[in-house]
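**Q** If you scroll down you'll find the structure; I have some questions about it.
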């Protein structure tokens, strides 16, 4: 894969191939995802405010369970 502007996946077969490639890279630790914070779903408005105010530097996740457990990352 190489970076492109306005690229898209046109077939299901392409989607599955690129998804598989990406998940393999994640599993091998060759690609990482910067997670800024995990918010409980009840704090979705605060997460949105943090995005709007540019307080974040990575991905924001919403935890949709009861808030007693952490998602597996």
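**Q** Starting with the fewest neighbours, write out 30, 59 ranked by other beta-carbon atoms found within 10 Å of each beta-carbon. Please list the in-between numbers first.
**A** Numbers: 30 8, 59 11.
With the sparsest Cβ surroundings first, the list reads 30, 59.
**Q** Shifting gears a bit: Mind sorting 38, 51 by how few other Cβ atoms lie within 10 Å of their own Cβ, fewest first?
**A** 51, 38
**Q** Now, a different point. Starting from the 7 Å offset along Cα-to-Cβ, what nm value, one decimal, do you get for the label separation of residue 50 and residue 14?
**A** Label at residue 50, label at residue 14, 3.5 nm between them.
Readers should treat all values here as calculations from the given coordinates under stated rules, not as data from a laboratory. Here the structure is a predicted model, which means the values were calculated and not measured. Here the Cβ is made from the backbone with ideal geometry for all residues, glycine too, and neighbour counts use every protein chain on show.
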